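Below is one structure, written out as structure tokens; comments come after it.
The values are calculated or read from the model by the stated rules, or taken from the named source; none is laboratory data. Treat the numbers as computed from the prediction; the structure is a model and nothing was measured. For neighbour counting, all protein chains shown are included, and Cβ atoms are generated from backbone atoms with ideal geometry for every residue, glycine included. Just the protein is used for accessible areas: all its heavy atoms, side chains included, with ligands, DNA and RNA removed. Shrake-Rupley method; radii C 1.70, N 1.55, O 1.52, S 1.80 Å.
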Amino acid sequence: MSSERIVSFLPSSTEILYEIGAGSQIVGVTHECKYPDDAKRKPRVINSSFDASKMNSKDIDQKIVELMQSGRDIYLIDDQKLRDANPDLIIAQGVCEVCAPFTREIDRATSVLGYNPDILVLDPHDLDDILISIMDIAERVGKVTEARTLVVSLQKRIDDIRVRAGYRRIGGDVYNHKSNTKPKILCLEWINPFFTAGHWVPQMVEIAGGINGLSSRAQPSHRIHDIDEIMIFNPDKIILMPCGFDLHRTLREAETLETNNKWKSLQVVQNNEVYVVNAGAYFSKPGPRTITGLEILAKIIDPEGFQNIKVPTDSFTKFGYN
């Protein structure tokens, strides 16, 4: 029996539900569920406990550390809206308690409701898991056929990048490039302090033809305590993808690096090989648009080889100082 009334604690599951034709079954979302546009009109059953829109990345990091150390809430449930939603399924995640409502919020939700709805906890750590998540959701909401069609199309796009990234064109010749000629890529998930991007991002870099640095596939993102770690890795390209930020906000944040002399001394910075992406749309959330993120990475890593791949406007740009 499929669930008819769904509360999504996750922007990515909200996107997935719309993609497989179950958007009309959603009766509650979080403040971060902004895609597609119709999601913004759904009742918000969860909000952030602080307004991050007016804070820089350092302030946000300090606020989250302070909340976690004191045991206070990052996310607040709107009890009345949750009761009004009266869900028979809640979709949540077990990846990161900072990025989206976590197990603590699930416990509180069932307490507020006074009954136990069906709970689906997603825990994706790479692209394979993301495709599995789509099918897991589909099975709960009676949209298996639609989900299979979506997964097949996403897998085809992944395979296309993987196959093409194995080859590089030089003049009129095509040759299989060896691992030692692949560019070294560093993806940064936070700017102040620096965090490397983990989970699905390292795998995305590898599929797109790069050597991922300072983080491991399916492992959590982690803090870089000293910029010397970046110097030792000596990346060919750095991609700034602060969790949840769009392109314009990341560009604003990146300006703060202008006063960081160690950063400016990095060879990759001097070579003008720093890129900024729309992380909130294509990298931070483990949903269908992550595959667009893979295509964006491919274009950054090998602009000539992937020249004909179309990606959305404002999805990435090169970053440089005036």
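Quick look at the numbers
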| item | result |
| --- | --- |
| Those aspartates and glutamates that a straight Cα-Cα span of less than 15 Å connects to Lys262, excepting residues fewer than 8 apart in one chain | Asp226, Asp228, Glu229 |
| Size descriptor, Kirkwood hydrodynamic radius, that averages inverse alpha-carbon separations across the stretch 65-158, Å | 15.2 Å |
| Thr259 paired with Arg44, simple spin-label distance in nm, labels 7 Å along Cα-to-beta-carbon | 3.1 nm |
| Virtual spin-label span in nm between Glu66 and Ile227, 7 Å along Cα→Cβ | 2.6 nm |
| Beta bridge orientation in the chain: antiparallel %, DSSP, nearest 5 | 45 percent |
| Whole-Hz ³J(HN,Hα) from phi, Karplus 6.51 cos²θ - 1.76 cosθ + 1.60, for the stretch 55-65, glycine and proline x | 10, 8, 5, 5, 5, 5, 4, 5, 5, 5, 4 |
| Test item: Cα-centred dipole of the stretch 1-70, Lys/Arg +1 and Asp/Glu -1 on Cβ, debye | 200 debye |
| Whether the stretch 1-81 is rounded, prolate or oblate, judged on the alpha carbon gyration tensor where a/c under 1.5 counts as rounded | prolate |
| Extended-chain gain in nm, criterion 0.36 nm per residue less alpha-carbon gap, Lys310 and Arg5 | 106.2 nm |
| Among 132-145, 190-203, 226-239, 282-295, the order from most to least packed when residues are scored by Cβ within 10 Å on average | 282-295, 190-203, 132-145, 226-239 |
| Under-5 Å amide H pairs with Cys187, H placed in peptide plane, nonlocal only | Ala197, Gly213, Ile239 |
| Calculated FRET efficiency for the pair Lys318/Asp84, C-beta based, R₀ 51 Å, to 0.05 | 0.60 |
| Between 0 and 90°, nearest 10: helix 103-113 axis offset from the chain longest Cα axis | 20 degrees |
| Whole-Hz ³J(HN,Hα) from phi, Karplus 6.51 cos²θ - 1.76 cosθ + 1.60, for the stretch 188-195, glycine and proline x | 10, 8, 8, 9, 9, x, 6, 10 |
| Carbon/sulfur fraction of accessible area - the chain, other protein chains in place, 1.4 Å, % | 48 percent |
| Residue-by-residue Karplus 3J(HN,Hα) for the stretch 151-158, coefficients 6.51, -1.76, 1.60, Hz, glycine and proline x | 4, 4, 5, 5, 5, 4, 5, 4 |
| Sequence-distant residues sharing a close amide H with Phe319 (under 5 Å, placed H) | Val274, Tyr275, Val276 |
| Average accessible surface area per residue within the stretch 121-270, 1.4 Å rolling probe, Å² | 48 Å² |
| Positive-pole candidate from Asn234, Gln267, Phe283, dipole of the stretch 204-286, charges at beta carbon | Phe283 |
| Euclidean distance of C-alpha centroids, the stretch 1-33 and the stretch 230-292, integer Å | 30 Å |
| Extension reserve of the Ile132-Arg148 stretch, reckoned as 0.36 nm per residue once the Cα distance is removed | 4.7 nm |
| Residue-averaged [θ]222 nm for the chain, counting only DSSP H segments that reach four residues, each worth -39500 (n - 2.57) | -11000 deg cm²/dmol |
| Cα-centre dipole for the chain with unit charges at Cβ (Lys and Arg positive, Asp and Glu negative), debye to 20 | 600 debye |
| Between helix 127-141 and the chain: long-axis angle, C-alpha atoms, 0 to 90°, nearest 10 | 20 degrees |
